[in-house]
Amino acid sequence: MTLFVTGGAGFIGSNFIFYMLEQHPAYRVVCLDQLTYAGNLSTLAPVMHQQNFRFVKIDICDREAIDQLFAEEHPDVVVNFAAESHVDRSIENPSVFLQTNIMGTATLMDACRHYGIQRFHQVSTDEVYGDLPLDRPDLFFTEETPIHTSSPYSSSKASADLLALAYHRTYGLPVTISRCSNNYGPYQFPEKLIPLMIANAMHDRPLPVYGQGLNVRDWLYVEDHCKAIDLILQHGQVGEVYNVGGHNEMRNIDIVKLICKELGKSESLITYVKDRKGHDLRYAIDPTKIHKELGWLPETKFEDGIRKTIHWYQEHQNWWENIISGEYQEYYMKMYGKDKW
Ligand code: NAD
Ligand code: TYD
């Protein structure tokens with residue numbers, strides 16, 4: 001079994017590679033990653049010299065290079081994590097999101113059609129459903145909820161989902177899609193809420209909360225997401241979409257306060273900043289389908305997962321200090337520079 005994992009030098013892709021190599025030692029895993037600002041080769045150091053692992057620096061939009069790699073490796077399964085993934089960056093500059101998230105997915109699926117594949121799995125997001133109101137806790141996203149996107153990021157992910165389903169119907173490509181809620185855990189780039197707040201709090205820097213911090217996200221520990229994808233690869237039905245989430249809704253402000261408490265920092269670091277444009281109010285997944293059909297349930301409780309995550313960032317300060325130098329500093333000043341608050 002040869003498994004292609006695109007975007008495997010990023011947050012969830014790297015966790016997925018570690019998970020799969022551990023669970024399926026007989027698999028050969030090939031990581032395809034362009035190493036954008038969000039990809040970090042040092043993350044893969046623990047597996048880099050394993051015989052059944054190969055890293056290839058490649059752009060998923062580069063049709064010729066992708067074709068060549070498929071001809072060489074003949075993958076049985078492709079799991080596509082590669083994407084531009086940060087909503088705020090998509091608001092600043094949508095075009096790279098359209099290129100990677102839509103054209104890159106199409107390029108990979110064309111290669112799958114040409115060379116043959118047992119499964120193409122598209123890693124999507126609950127953000128394709130848009131948002132839910134804050135005053136209707138009875139509402140959840142199901143797989144039947146209409147696509148109704150808010151940001152260039154979520155629109156590009158929804159486009160890729162529609163293409164994947166079209167390739168299944170039109171060409172019979174064996175596609176599955178997972179739509180997961182917000183992940184947290186080790187190796188997440190510190191531009192996203194949880195690692196950003198941990199890193200800033202550790203340095204006694206201001207903690208920039210958008211608006212009033214009342215927006216709600218449904219948090220899942222990254223390993224539970226990896227396990228869900230593995231189950232879908234093994235037992236999922238082709239042509240189907242599976243929502244993944246563990247009923248763990250939290251307001252942003254409560255997460256930031258929890259991080260302050262765990263790190264022994266004062267809540268006076270919390271700084272309310274200008275709200276995100278088009279900011280989605282609430283995400284909440286109904287995971288009934290994946291639970292009933294595949295027996296998936298999250299294993300890590302939020303209070304344990306967040307403690308493990310904070311501890312990981314304390315223990316791996318070198319990892320994130322290195323990656324937040326350079327390009328990230330420019331981004332940070334542009335997004336959070338004093339004149340923006
Ligand atoms: P990430 O930004 O941490 O990692 C993305 C990876 O893709 C990086 O290693 C980057 O170098 C690589 N990449 C980007 N453009 C590429 C290209 N053109 N060719 C090859 N590689 C490229 O993202 P993440 O948080 O790990 O998310 C992974 C996937 O999961 C994404 O598709 C995202 O939409 C989806 N997702 C994320 C979350 C979340 O909470 N982070 C939740 C649900 C779904
Ligand atoms: P983020 O981690 O960017 O994930 P997403 O927008 O894809 O859900 O943001 C999570 C929530 O945290 C979202 O409501 C925006 C908010 N947020 C802040 O309040 N401050 C920040 O600096 C960031 C990055 C996010």
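The values are calculated or read from the model by the stated rules, or taken from the named source; none is laboratory data. For clarity, every value in this text was computed on a predicted model and none was experimentally measured. Heads up, the Cβs are rebuilt from the backbone with ideal geometry, glycines too, and the neighbour counts pull from every protein chain shown.
Side notes on the structure shown:
- Pick from segment 262-296, criterion within 19 Å of ALA201 (Cα to Cα) and free of Cβ contacts under 8 Å to residues at least 60 places away in the same chain, ranking: surrounded by the fewest Cβ atoms within 10 Å (Cβ to Cβ): GLY264
- Qualifying positions in segment 284-331 - among the small types (Gly, Ala, Ser) and modelled with pLDDT under 95: SER325, GLY326
- Residue within segment 128-138 that is touching a residue at least 24 places away in the same chain (Cβ under 8 Å), of a type in the set (A, V, I, L, M, F, W, C) and away from ligand 2 (no atom under 16 Å from the Cβ) present: no
- The condition (being within 11 Å of ligand 2 (Cβ to nearest atom) and among the small types (Gly, Ala, Ser)) is satisfied by just one residue among GLY213, GLY185, GLY239: GLY213.
- Boolean, PRO195 is within 11 Å of ligand 2 (Cβ to nearest atom), touching a residue at least 24 places away in the same chain (Cβ under 8 Å), of a type outside the set (Asp, Glu) and in a strand (DSSP E or B): no
- Pairs, first modelled with pLDDT of 95 or more and within 16 Å of ligand 1 (Cβ to nearest atom) in segment 250-261, second of a type outside the set (A, V, I, L, M) and assigned to a helix (DSSP H, G or I), C-beta under 8 Å, six or more apart: MET250/PHE302
- Filter result (more than 16 Å from the chain's Cα centre (by Cα), surrounded by 15 or more Cβ atoms within 10 Å (Cβ to Cβ) and over 15 Å from GLY8 (Cα atoms)) within segment 62-95: ARG63, ALA65, ILE66, ASP67, LEU69, PHE70, GLU73, PRO75, ASP76, ILE91, PRO94
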